[in-house]
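Beneath this line is the structure, given in structure tokens, with notes to follow.
The values are calculated or read from the model by the stated rules, or taken from the named source; none is laboratory data. All values reported here derive from a predicted model rather than from experimental measurement. Backbone-built Cβ (ideal geometry, glycine too); neighbour counts: all protein chains shown. Accessible surface areas use protein heavy atoms only, side chains included; no ligands, DNA or RNA. Shrake-Rupley method; radii C 1.70, N 1.55, O 1.52, S 1.80 Å.
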Amino acid sequence: MRAQAFAKLNLTLEVFPRSADGYHPLRGVFQSVSLFDEVSIEPASDDSVHIEGGEAPEDETNLAWMALDAVRRHARVVSPLALSIHKRIPPGAGLGGGSADAAAALGLMADRFGLDDDATTELAEALGSDVPFSFVGGTKLVEGRGQRLRPFEQLGDFALGIVVPPFSLSTPAVFSEWDRLDSPSGHDMDDRYLPPLLRGGPPIRNDLFPAAVSLDPRVGEWRDEISRIWSTGVAMTGSGTALFGFFSTMDEALSAVDSIDIPTRATEAVEPVRVGWRRIDA
Ligand code: C5P
């Protein structure tokens with residue numbers, strides 16, 4: 001069984017003070033984009049996790065493995081399985097690669113072993129904050145810890161340039177810095193830099209941006225530099241450090257990422273997609 005697992009961008013991310021469960025309630029427009037990992041699950045003589053093309057744990061701490069194993073235990077299946085992931089989504093960048101891989105593994109396993117929707121949703125929520133979104137994907141208004149998905153007009157007809165700077169931030173550290181700074185708000189991106197469907201909607205801002213800059217000022221310097229090179233607004237996704245800007249066409253996004261001549265961890269031109277993962281075999 002094989003699937004594509006798509007990256008996500010937080011087009012907007014509002015953060016609210018930490019609740020009793022230790023998590024911060026969120027509200028944001030999340031968007032699946034065309035950059036994907038490939039996840040495959042096959043029967044084998046022993047359990048194994050194999051990663052190609054990038055970094056991710058090759059043991060039972062891999063989130064996609066945890067998804068696979070959760071379905072297997074739920075369905076009381078005993079057969080050994082080999083999980084292999086071809087990584088293209090840079091990890092630790094706010095692009096949701098680990099969650100996307102887990103959502104794809106969950107989806108493949110749920111189909112194969114006939115898990116019902118309620119059980120699948122419950123497993124998705126238990127795996128991590130971004131897994132419920134990645135399981136559904138497209139454009140969604142996401143609330144709560146990430147588990148409440150509300151319909152949003154499916155966005156399309158534009159492209160995005162993504163730049164991943166050569167340094168990472170820890171998600172819990174960024175949320176703690178946001179607490180320490182007393183719940184700052186991000187700056188709204190000017191409407192003129194937005195695709196028409198996003199104009200006049202929820203503010204396009206990331207409340208975690210001031211916290212990320214406070215932890216590592218290079219995030220702010222990179223945002224300003226990419227914005228200068230592209231002559232457009234640039235925002236951070238999730239807890240960083242990947243940065244993105246909007247373009248009218250894929251050609252424009254491609255030439256924008258080509259114009260970045262400083263050393264990065266990755267650059268990508270992407271477009272919105274309507275699913276979080278997609279089966280690619282019968
Ligand atoms: O759910 P995930 O494993 O991505 O979260 C990592 C950490 O980030 C959490 O343990 C928590 O400290 C912080 N977090 C948060 N509020 C959220 C999501 C994550 O405080 N909504």
Right, A212: open to solvent by less than 60 Å² (accessible area, probe 1.4 Å) and free of Cβ contacts under 8 Å to residues at least 60 places away in the same chain or not? yes
Check H24 against each of (1) away from the ligand (no atom under 16 Å from the Cβ); (2) outside any strand (DSSP E or B) and name the one condition it does not meet. (1)
Of all residues in the range 1-47, how many are within 20 Å of M236 (Cα to Cα) and of a type in the set (G, A, S)? 4
Does L197 qualify as being hydrophobic (A, V, I, L, M, F, W, C), over 19 Å from the mean Cα position of the chain (by Cα), at pLDDT 95 or above and surrounded by fewer than 21 Cβ atoms within 10 Å (Cβ to Cβ)? no
Would a scan of the range 64-72 turn up a residue that is free of Cβ contacts under 8 Å to residues at least 40 places away in the same chain, within 16 Å of the ligand (Cβ to nearest atom) and open to solvent by 20 Å² or more (accessible area, probe 1.4 Å)? no
Take A44 and decide whether it is open to solvent by less than 20 Å² (accessible area, probe 1.4 Å), more than 15 Å from the chain's Cα centre (by Cα) and modelled with pLDDT of 95 or more. no
Run T232 past the list (1) open to solvent by 10 Å² or more (accessible area, probe 1.4 Å); (2) β-branched (V, I, T); (3) within 16 Å of the ligand (Cβ to nearest atom) and report the number of the one that doesn't hold. (3)
Matching residues, the range 184-194, being open to solvent by less than 90 Å² (accessible area, probe 1.4 Å) and not in a loop (DSSP other than H, G, I, E, B): D191, Y193
